[in-house]
Amino acid sequence: MKVLLFSLAREAADGRSVLNYVRTPVPADLGELLARLEQEYPRLGPVLARSRVAVNGEYLPSPDRRTKIAPKDEVAILPPYSGG
Amino acid sequence: MTSRLTPNRIDPEAERRGVEGPDLGGQAVFVGVVRRDPVGETRVRALRYEAYAPLARRELDRLEKEAQARWGPLRVRIVHRVGRVPVGEASVVVAVGAPHRAQAFDACRYLIDRLKDEVPIWKSEETGPAARSGSRR
């Protein structure tokens with residue numbers, strides 16, 4: 001599973017923009033993934049709470065923590081936008 | 001679809017020409033430019049923009065479709081720069097050609113407002129000493 005971190009999420013994860021979870025247990029749902037991210041990078045917690053999530057380039061219709069995710073999925077953590 | 005992300009300098013006039021049409025009597029162009037805002041003892045020297053490109057492109061296309069449905073037929077060009085953008089250069093251009101001025105203004109404003117909230121693009125500031133940039137006039 002590939003996790004993309006942008007902007008404030010990357011800063012909170014010590015500058016890492018891509019995380020790969022290849023060893024088991026690969027998170028099985030969004031809740032497990034978010035918990036694992038926060039455990040590995042405690043500063044990510046408040047950022048995750050304000051972020052949108054996309055799986056394979058599509059927004060989750062509602063970011064339900066029970067949403068299943070597969071090992072081949074690409075999950076993007078999208079903090080509040082600041083373009084323009 | 002005619003909206004895009006680019007690492008290159010944006011030419012607003014080229015985008016305006018892209019929304020010309022024989023039935024389009026009004027063109028509105030918004031140009032967002034990097035300001036040298038003060039940041040503590042320093043000033044912004046440039047902004048760096050990053051995007052989640054596949055989703056950003058789709059969201060730009062979706063916004064254009066929404067504007068078409070509401071004010072169309074329009075010609076629309078939305079161009080957002082990514083990477084380093086120095087003070088004084090355009091970070092974003094929204095150009096709209098419409099039959100009349102009201103649709104052109106309304107659609108242009110709608111598109112830039114929605115872009116800021118809904119398109120996955122982020123900026124970060126690169127700063128430098130205030131004195132040097134401040135003394136230039």
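Nothing in this text is a laboratory measurement; each read-out follows from the coordinates by a stated rule. Computed from a predicted model, the values in this text were never measured in an experiment. Here the Cβ is made from the backbone with ideal geometry for all residues, glycine too, and neighbour counts use every protein chain on show.
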TODO: Would you kindly work out the equivalent ellipsoid of the stretch B:53-127 from its C-alpha gyration tensor and give its semi-axes, the square roots of five times the eigenvalues, largest first in whole Å?
DONE: 24, 14, 9
Open item on the list: Compute and list, largest first, the equivalent-ellipsoid semi-axes of chain B from the alpha carbon gyration tensor, each √(5λ) rounded to a whole angstrom.
Closed with: 30, 16, 12
- [ ] Please report A:Ser7, A:Ser51 as a ranked list, fewest other C-beta atoms within 10 angstrom at the top and most at the bottom.
- [x] A:Ser51, A:Ser7
- [ ] Mind giving me the FRET efficiency for A:Ser82 and B:His100? R0 is 22 Å, r the Cβ-Cβ distance, nearest 0.05 is fine.
- [x] 0.10
Open item on the list: Which log10 I(q)/I(0) values does the protein assembly as shown give at q = 0.08, 0.10, 0.17 Å⁻¹ under the Debye formula, counting every alpha carbon as one identical point scatterer?
Closed with: -0.36, -0.54, -1.13
Task: Nearby lysines by direct alpha-carbon distance to B:Lys65 (threshold 23 angstrom, same-chain neighbours under 8 apart not counted) - done: B:Lys116
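What is the Å³ per residue value for the convex hull set by the Cα atoms of the stretch B:1-52?
Per-residue hull volume (Cα only) is 115 Å³.
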Task: Mean ellipticity per residue at 222 nm, deg cm²/dmol - from DSSP H runs of n ≥ 4 across chain B, formula -39500 (n - 2.57) - done: -11000 deg cm²/dmol
- [ ] Evaluate peptide B:46-52: per residue, the Cβ atoms of other protein chains within 10 Å of its Cβ; return the mean as an integer.
- [x] 3
Task: chain B, relative contact order in percent, only Cα pairs under 8 angstrom and at least six apart counted - done: 40
Open item on the list: Which order do the peptides B:92-102, B:68-78 come out in when sorted by mean C-beta neighbours inside 10 angstrom, highest first?
Closed with: B:92-102, B:68-78
TODO: Among the aspartates and glutamates, select those whose C-alpha is under 16 Å from the C-alpha of A:Lys68, and discard any that sit fewer than 8 residues away in the same chain.
DONE: A:Asp29, A:Glu32, A:Glu58
TODO: Taking the Cβ of B:Arg75 as the centre, find all other residues whose Cβ is under 14 Å away and add up their charges (Lys, Arg: +1; Asp, Glu: -1).
DONE: 0
Task: Globularity ratio of chain A, using Cα Rg and 2.2 N^0.38 Å - done: 1.00
- [ ] Have a look at B:Leu60, B:Pro120, B:Pro86 and report the one farthest towards the positive end of the charge dipole of the protein assembly as shown, computed about the Cα centre with Cβ charges (Lys/Arg +1, Asp/Glu -1).
- [x] B:Pro86
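For every other residue with a beta carbon closer than 13 angstrom to the beta carbon of B:Val85, add +1 if it is Lys or Arg and -1 if Asp or Glu, then tell me the sum. Can you show the working numbers first?
Values: positive: B:Arg9, B:Arg35, B:Arg36, B:Arg45, B:Arg48, B:Arg81, B:Arg84, B:Lys123; negative: B:Glu50, B:Glu89, B:Glu125, B:Glu126.
Once all neighbours under 13 Å are counted, the net charge is +4.
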Task: 26 Å Cα-Cα reach of A:Lys72 towards lysines, excluding residues that sit fewer than 8 places from it in its own chain - done: A:Lys2
TODO: Please work out how much length the chain gains when fully extended from B:Ala130 to B:Ala14, using 0.36 nm per residue of separation minus the C-alpha to C-alpha distance, in nm with one decimal.
DONE: 38.4 nm
